[in-house]
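Here is the structure we will look at.
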Amino acid sequence: MKLHHDTISDKNVITGYGPDYVQINGTEHRGNLVVLPDRVETGWTAGGFEALDAAGFATLAALECEVLLIGTGERQRFPSPALLRPLIEVQIGFEIMDVPAACRTYNILMGENRNVAAALLFDAP
């Protein structure tokens, strides 16, 4: 799906997405990544949902964002509460949703100048 942004900005806007990619400011990215208004961090974690581990969530806890959107592939799946503990300990609010919903929600919150990040996990082929 292609998304359109009304204004030009120096912030990262998700301009499109599909089952195995996301477009940020028109540039296509494949693989798991974290999108923040001022940067994109590729290679967030290796593998699909089943490969999520504590190290990947420790990386997310270090982002110092206000809200973290966790996109779990084409469908919403909930990680183990033990994996989410690092986020809770540093008081990062998080929402778990599928990747399309995470992309749309990220754009809305980023447009409101919120300190938001989207950790996008794509289903393993």
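General observations
- Residue in region 44-56 that is assigned to a strand (DSSP E or B) and in contact with a helix residue (DSSP H, G or I) (Cβ under 7 Å, 6 or more places away or on another chain) present: no
- If you filter region 77-100 down to residues that are within 10 Å of Leu60 (Cβ to Cβ) and part of a loop (DSSP other than H, G, I, E, B), you find that the one that is least open to solvent (accessible area, probe 1.4 Å) is Ile92.
- The residues listed here are Glu28, Glu50, Glu64, Glu95; of these, the one that is out of contact with any Phe, Trp or Tyr (no Cβ under 9 Å at 6 or more places or on another chain) and modelled with pLDDT of 95 or more is Glu95.
The values are calculated or read from the model by the stated rules, or taken from the named source; none is laboratory data. Because the structure is predicted, anything quoted here is derived from the model rather than measured. For neighbour counting, all protein chains shown are included, and Cβ atoms are generated from backbone atoms with ideal geometry for every residue, glycine included. Please note that ligands, DNA and RNA were not included when accessible areas were found on the heavy atoms of the full protein model with its side chains. Shrake-Rupley method; radii C 1.70, N 1.55, O 1.52, S 1.80 Å.
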